[in-house]
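A quick write-up on the structure given underneath.
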Amino acid sequence: GLRMRHRRLIWQLYPSYLVVTLVALIAVTTYCSHSFRRAYHKQIRDELNRLADFAGDEVRLITATGGTGRLDDLCKQLGHMRGGQIRVTVVAPSGQVLGDSQEDPARMENHAHRPEILDALQKTTGSSVRFSPTLGVQMMYVAEVVKEQQTPVAIVRLAAPLSQIDRVLKG
């Protein structure tokens with residue numbers, strides 16, 4: 001009789017242990033993938049910031065000589081960085097697109113209200129992660145203001161897909 005009761009007790013406790021274990025496992029997995037994603041995003045953002053510094057210096061040279069028409073050529077050249085994975089856009093402080101590595105800037109809409117551009121105009125650098133309907137993937141955007149004697153002359157924006165890592169983490 002005692003063994004029967006003991007076995008019944010185990011079967012009463014077992015489901016709740018199972019639930020607790022599963023909840024703990026899900027929590028740990030979620031936390032790990034979240035912190036892994038955060039670390040990966042930081043790595044990409046740091047890399048994009050470094051490239052934005054480099055691109056910003058090039059933009060400064062062009063705007064200093066008044067050759068804003070050459071900004072689109074510069075974007076198309078810089079677009080080959082990192083195997084063409086990174087999109088480069090140069091935007092006027094008004095939001096007008098002056099150059100883009102993938103599109104004709106004249107056909108692009110005003111970028112004044114993009115979160116990373118607003119962010120950059122307030123704090124010199126800005127970033128944002130959002131879904132790109134055009135490409136169908138999550139993108140990380142980094143923007144940096146190019147100044148001439150403390151006056152913003154342009155904003156350099158770089159974008160990179162986060163698809164590989166998000167695919168891995170989503171399993």
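Only a single criterion out of (1) modelled with pLDDT under 95; (2) out of contact with any strand residue (DSSP E or B) (no Cβ under 8 Å at 6 or more places or on another chain); (3) under 12 Å from Ala143 (Cβ atoms) is not satisfied by Arg70, namely (3).
If the condition is being open to solvent by less than 70 Å² (accessible area, probe 1.4 Å) and closer than 23 Å to Asp53 by Cβ, then the range 132-153 contributes Met139, Met140, Tyr141, Val142, Ala143, Glu144, Val145, Val146, Glu148, Pro152, Val153. For the range 130-171, filtered to residues that are modelled with pLDDT of 90 or more and among the charged types (D, E, K, R), the residue that is nearest to Ser101 (Cα to Cα) is Arg157. Restricting attention to the range 81-131 and to residues that are in contact with a strand residue (DSSP E or B) (Cβ under 8 Å, 6 or more places away or on another chain) and of a type in the set (Ser, Thr, Tyr), the residue that is surrounded by the fewest Cβ atoms within 10 Å (Cβ to Cβ) turns out to be Thr124. Among the residues making up the range 61-80, those that are open to solvent by 80 Å² or more (accessible area, probe 1.4 Å) and either closer than 19 Å to Gln150 by Cα or among the hydrophobic types (A, V, I, L, M, F, W, C) (or both) are Leu61, Thr65.
The values are calculated or read from the model by the stated rules, or taken from the named source; none is laboratory data. Quantities reported herein were computed from a predicted structural model and do not represent experimental measurements. We place every Cβ from the backbone using ideal geometry, glycine too, and count neighbours over all the protein chains shown. To get the accessible areas, we keep the full protein, side chains included, count just its heavy atoms, and leave off ligands, DNA and RNA. Shrake-Rupley method; radii C 1.70, N 1.55, O 1.52, S 1.80 Å.
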